[in-house]
Amino acid sequence: MKSRAEPDPPAASLVNPGGAAPLLLVCEHASNHIPARYHALGLPPAALQRHIAWDIGAAALAGRLAALLDAPLVLSGYSRLLIDCNRPPGVPSSIPARSEATDIPGNQALPAAAAAEREALFFTPFQQQVAAMLPGRRWLLGVHSFTPVFLGAARPWQAGVLYGAATDFGAALIAGLRADPALTVGDNEPYRIEPEMDFTVPVHGDARGIPAALIEVRQDLLGSPAGIESWALRLAGVIRPLLR
Ligand SMILES: [Zn+2]
């Protein structure tokens, strides 16, 4: 009998925890997993394969970067539709009632106790794991992917770098990527770090004085193992010289 459901994963899992690099990698949107008791938040299965549920290709890219750079990596275990590990709890995008153009039935008028339960189960353990891995690290990098088209508008960038206080780190990452003239690289695009609406960069990085940024890669470029490998090699080549 194969009817038993897969067990639910931990809220945070560690890859290469003994990595020697002075860099911590995180992947806040690594997983689209939603435990069965949430009934997929009322969404059809296809919706859970879309960007609204996770960052397609990001976990695999982050895993290869962890290996190439010998850096530890913290992966989230659950879909951002349950609670977003890169948003402060309580803001509207933390447990989105609507994501892009899709209403999330299971997030409508969510009772405070249910929101608190999701925070305790899926958000807090992830943040505790990130915080536990930071001592001794001098850089923090989140690995993300973004959709080629957002609300009908095509995005021109292949990759983007998002940062707040760490302007030198952000500029160095952007310069490294722009060394390839074929690339259009977003500078705080396709998203902008907002201290009140973001979590990893302002809380784990900027507030601790640890240079922090998010790398965003367009998800169609991560649609095959060859694409992921190519971007992992490219990013490792940009990041490695900065870790001195
Ligand atoms: Zn993301």
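Take segment 12-36 and flag every residue that is farther than 7 Å from VAL74 by Cα, of a type in the set (S, T, N, Q) and more than 13 Å from the ligand (Cβ to nearest atom). So that I can check it myself, show each step before the final result.
First, pick out the residues of segment 12-36 that are farther than 7 Å from VAL74 by Cα: 16-24, 28-36.
Keeping just the survivors that are of a type in the set (S, T, N, Q) gives 16, 31-32.
ASN16, the sole residue that qualifies.
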* Asked: Within segment 133-149, which residues are away from the ligand (no atom under 13 Å from the Cβ) and closer than 16 Å to ASP220 by Cα?
  -> PRO148, VAL149
* Asked: Just one of the numbered conditions (1) free of Cβ contacts under 8 Å to residues at least 60 places away in the same chain; (2) more than 16 Å from the ligand (Cβ to nearest atom); (3) more than 24 Å from LEU73 (Cβ to Cβ) is not true of GLY170; which one?
  -> (3)
* Determine whether ILE52 is among the β-branched types (Val, Ile, Thr), more than 26 Å from ALA120 (Cβ to Cβ) and either surrounded by fewer than 24 Cβ atoms within 10 Å (Cβ to Cβ) or touching a residue at least 24 places away in the same chain (Cβ under 8 Å) (or both). => no
* Quickly run through segment 70-85 and pick out the residues that are under 11 Å from ALA30 (Cβ atoms), touching a residue at least 60 places away in the same chain (Cβ under 8 Å) and assigned to a loop (DSSP other than H, G, I, E, B). => GLY77, TYR78, CYS85
* Structure fact -> Checked segment 210-243 for anything touching a strand residue (DSSP E or B) at 6+ places or on another chain (Cβ under 8 Å), under 21 Å from PRO72 (Cβ atoms), in a helix (DSSP H, G or I) and within 16 Å of the ligand (Cβ to nearest atom); matches are TRP231, LEU235
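Every number here is computed from the coordinates shown, using simple stated rules; none is lab data. Everything numeric here is computed off the predicted structure, so don't read it as measured data. Neighbour counts are summed over all protein chains in view; Cβ atoms, including those assigned to glycine, are modelled from backbone coordinates with ideal geometry.
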